[in-house]
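Q: I'd like to ask you about the structure that follows.
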Amino acid sequence: MTLMTYRDAVARGIAQELERDDRVVFLGEDVGAAGGVFKATGGLLERFGPLRVADTPISEQAILGAAMGAAMTGLRPIAEIMFSDFLAVCWDLVANEIAKTRYMTNGQISLPLVIRTGNGGGLRFGAQHSQSLENWAMAVPGLKVVAPSTPEDVVGLLAAAVRDPDPVMFFEHKGLYPTKGEVPDGEIVDTLGTAKVRRRGTDCTILALAAMVPRALKAADALAAAGVNATVVDVRSLVPLDTATILDAVARTGQLFTVEENPRLCGWGAEIVSVVVEEIWDDLDGPPIRITTPHVPLPSSDTLEDATIPSVTRIVDTVRKVME
Amino acid sequence: MPTPTDLGLPETPAFRHEVDAETELELYRSMERLRRFEKRAYDLFLQSLVKGTSHLSLGQEAIAAAFGASMRPDDWTFATYRGHAHTLARGVAMEPIMAELLGRSTGLMAGKGGSMHLTSVEHGVMGSYAIIGAHLTIANGAAWSAKLRGTDQVAVCFFGDGTTNIGAFHEALNLAATWKLPVVFVCENNQWMEYTPIGSVTAVPRPAADRAAAYGLEPVVVDGNDATAMYAAARDALRHARSGHGPVLIEALTYRHGGHSRADPAKYRPAEEVEPWLLRDPLVTYRAHLLRKGVEEGVLKGIDEDVLREVDDATEAARNAPEPDLTLIERDVWADGSSAWRN
């Protein structure tokens, strides 16, 4: 085991796959010589050379087009879109081209590629560099959607994404880059479409994703002190969705809370709540509760942004109010 | 007969071309196939058998035919929603294309793609793309892959004049030039951006070629209605890209005989513009050229009859083919063949 940051886990995960398979290539803005704007890809250019670690112009459409064309002709590209907000300027490639190609061509073309992107708020970047946009991707048929919360998951899920035959959107949370965790040594490969129970409790289930996972765990500790014992499930992957693990946790506890760092309308929590209600209505002790940001763009100031994104206190207060 | 200069075509051919007699006949046969197929598709549309929309390239056949005849089997074509001709020209049979237009199970994509999304990977036809400009960036990716894998394949990307005003065009040209990618960009300048004359919304007279210079590329303008000139241009461009010299951009000047899409009668075009272009119909002029060179009328008639039979057979087979199975709806979102998003 090695203690490393989420940021270093990104470089380790990419390096592991570049090392393993000559078909893997990596491209994006500032990813090579500069080592990435979040310093998450340092050392890769030196190790693998400019043919496989390619610095691009600020041309998001050109980046994803190159990744797509390379994927359909035998390579396995990892493309970085620096901030997930910038996906909006290449959404045609994401949603119209990459997502639909296999279906429209009746299975003639596979696109084994990964789009990595810095997602989420909490860094005071304002509304055009802070959004949590995993919902956008989840709504498009043909995209797998992954959002790891720990350094170990970054390495393992990234490897699984690179080896997957379908396009995967890999949402790294910007706020988690400096966080640390133990990562097993040697090659790690995780499985897409699997949720992880991070904490077991009997009274309620809290579902969380990415940066909301450590907050949910802190909240669960505080709740335990107040006599409420929560299960915390790290959803990890929205598509495919590990419904089995989620339903099992909710059925055992009878009460569901989702913690989402995205605007409330059409958040992923709504989709999961709908699945839960349809499948295990009889096991529920009360209506599922969603904890989300309000339906607003993210503000920038410390006070405003902190009050917009679900905090540990908000999770604790919401759960206590319902459970009492 | 209008002269090339009357139509704004280059006065002297961009390429000195000597093309052998066999290739000239092949170009004629190819253009005839594209023309007859699309005319039939239009007839079937009028009978409500071809559904949705279709974008014909009647009048533009010389460009697709020239590239079809000069590309290597392992080169890649990236076409637009106006892509019937480019797909046929790579050697794809008429029947699966016709069946796709009719939405039948024997269609090239079993009815899941339609007119605007023709793809035949085994023929190097890597898709027809219906959002303007995206596929220039995708063709770059294929070219990048050829370069990294050390093959000498070339990606050829066709697009219309309207594409030159979209951001992806500029992003693609810049990346192709800086990465020296083996890609040939072919602008089919048919003078009209959908329903608007390209000149009225474009700051330079040659929408593709004039911009090519900004990315360090040699501007190449070709008479896109002259199959031999187009063939020579295609051959030279492919050679340039294949030998590692980076991308080429060709602006082929041509004219679409019909409207933008099947619902458009193109009444907005002045007769004095349309007529001289119709006189320079690439098939009519090529036929005359071949006869002048001593090809016997009977040889050309034989080709015409073969092609007509091919179109008739394809139509008949497509009309008699079964409708697609409903299980196709949920098939092939993912590589495992399914569309499952949850366990």
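The values are calculated or read from the model by the stated rules, or taken from the named source; none is laboratory data. Owing to the predicted nature of the structure, the values given are computational and were not obtained by experimental measurement. Ideal geometry is used to build each Cβ from the backbone, glycine not excepted, and the neighbour counts take in all protein chains shown. Only protein heavy atoms, including side chains, enter the accessible area calculation; ligands, DNA and RNA are left aside. Shrake-Rupley method; radii C 1.70, N 1.55, O 1.52, S 1.80 Å.
Q: Looking only at the stretch B:94-104, how many residues end up being within 14 Å of another protein chain (Cβ to nearest Cβ), over 19 Å from the mean Cα position of the chain (by Cα) and not small (Gly, Ala, Ser)?
A: Our first condition is that a residue be within 14 Å of another protein chain (Cβ to nearest Cβ); within the stretch B:94-104, this holds for B:96-97, B:99-100, B:103-104.
Add one more test, that the residue is over 19 Å from the mean Cα position of the chain (by Cα), and what stays is B:99, B:103-104.
Narrowing the set further to residues that are not small (Gly, Ala, Ser) leaves B:104.
Result for the stretch B:94-104: 1.
Q: If you go through the stretch B:259-279 one residue at a time, how many are touching a Ser or Thr at 6+ places or on another chain (Cβ under 9 Å) and either closer than 17 Å to B:Ala64 by Cα or not in a helix (DSSP H, G or I) (or both)? Talk me through it step by step, then tell me what you get.
A: Applying the first criterion (touching a Ser or Thr at 6+ places or on another chain (Cβ under 9 Å)) to the stretch B:259-279 yields B:261-263, B:268, B:277, B:279.
Cutting the leftovers down to either closer than 17 Å to B:Ala64 by Cα or not in a helix (DSSP H, G or I) (or both) gives us B:261-263, B:268.
Looking only at that region, the number is 4.
Q: How many residues, within the stretch A:12-28, are touching a residue at least 40 places away in the same chain (Cβ under 8 Å) and open to solvent by less than 10 Å² (accessible area, probe 1.4 Å)?
A: So the count comes out to 8.
Q: Out of the residues in the stretch B:140-176 that are open to solvent by 10 Å² or more (accessible area, probe 1.4 Å) and within 25 Å of B:Thr254 (Cβ to Cβ), state the one that is nearest to the other protein chains (Cβ to nearest Cβ).
A: B:Gly167
Q: Can you pull out every residue in the stretch B:321-343 that is within 17 Å of A:Thr191 (Cβ to Cβ), in a loop (DSSP other than H, G, I, E, B) and either within 9 Å of another protein chain (Cβ to nearest Cβ) or open to solvent by 60 Å² or more (accessible area, probe 1.4 Å) (or both)?
A: So the first thing to find is which residues in the stretch B:321-343 are within 17 Å of A:Thr191 (Cβ to Cβ), and the list is B:334-336, B:338, B:340-343.
Restricting the remaining residues to those that are in a loop (DSSP other than H, G, I, E, B) gives B:334-336, B:338, B:340-341, B:343.
Once the filter is applied, which keeps residues that are within 17 Å of A:Thr191 (Cβ to Cβ), in a loop (DSSP other than H, G, I, E, B) and either within 9 Å of another protein chain (Cβ to nearest Cβ) or open to solvent by 60 Å² or more (accessible area, probe 1.4 Å) (or both), the stretch B:321-343 yields B:Trp334, B:Ala335, B:Asp336, B:Ala340, B:Trp341, B:Asn343.
Q: If I ask for residues that are at the interface with another protein chain (Cβ under 7 Å from one of its Cβ atoms), of a type in the set (A, V, I, L, M, F, W, C) and buried (at least 24 other Cβ atoms within 10 Å of the Cβ), which ones from the stretch B:120-135 would you list?
A: Across the stretch B:120-135, the qualifying residues are B:Met126, B:Ala134.
Q: Mind listing whichever residues of the stretch B:324-343 are of a type in the set (D, E, K, R) and under 28 Å from the mean Cα position of the chain (by Cα)? First the steps, then the outcome.
A: Step one: filter the stretch B:324-343 for residues of a type in the set (D, E, K, R), giving B:325, B:330-332, B:336, B:342.
Selection gives B:Asp332 alone.
Q: Please work out which one of (1) more than 7 Å from every other protein chain (Cβ to nearest Cβ); (2) surrounded by fewer than 24 Cβ atoms within 10 Å (Cβ to Cβ) is the condition A:Gln108 fails and give its number.
A: The number of the failed condition is (1).
Q: Please specify each residue of the stretch A:57-78 satisfying the condition of being open to solvent by less than 20 Å² (accessible area, probe 1.4 Å), among the β-branched types (Val, Ile, Thr) and in a loop (DSSP other than H, G, I, E, B).
A: A:Thr73
Q: Restricting the first residue to the stretch B:214-243 and requiring it to be on the phi > 0 side of the Ramachandran plot, which pairs with a second residue that is open to solvent by 10 Å² or more (accessible area, probe 1.4 Å) meet a Cβ separation below 8 Å and a spacing of at least six or different chains?
A: Between residues of the stretch B:214-243 that are on the phi > 0 side of the Ramachandran plot and residues that are open to solvent by 10 Å² or more (accessible area, probe 1.4 Å), the close pairs are B:Gly216/B:Ala177.
Q: Those residues that are in a helix (DSSP H, G or I) and either open to solvent by 10 Å² or more (accessible area, probe 1.4 Å) or more than 18 Å from A:Pro165 (Cα to Cα) (or both), I need them from the stretch A:79-94; list them, please. So that I can check it myself, show each step before the final result.
A: Start the filter on the stretch A:79-94 by keeping residues that are in a helix (DSSP H, G or I), which leaves A:84-94.
Within the stretch A:79-94, A:Ser84, A:Asp85, A:Phe86, A:Leu87, A:Ala88, A:Val89, A:Cys90, A:Trp91, A:Asp92 qualify.
For every residue, the table says whether it meets (1) in a strand (DSSP E or B); (2) under 24 Å from B:Tyr255 (Cα atoms); (3) at pLDDT below 95; (4) away from chain A (no Cβ under 14 Å).
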| position | (1), (2), (3), (4) |
| --- | --- |
| B:Leu49 | no, no, yes, yes |
| B:Gly52 | no, yes, yes, no |
| B:Pro73 | no, no, no, yes |
| B:Phe78 | yes, yes, no, no |
| B:Ala85 | no, yes, no, yes |
| B:Leu88 | no, yes, no, yes |
| B:Val92 | no, no, no, no |
| B:Thr106 | no, no, no, no |
| B:Gly113 | no, no, no, no |
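Q: Here's a follow-up. Among the residues of the stretch A:131-139, are any within 14 Å of chain B (Cβ to nearest Cβ), over 25 Å from A:Pro310 (Cβ atoms) and modelled with pLDDT of 95 or more?
A: The answer is no, given that none of the residues of the stretch A:131-139 is within 14 Å of chain B (Cβ to nearest Cβ), over 25 Å from A:Pro310 (Cβ atoms) and modelled with pLDDT of 95 or more.
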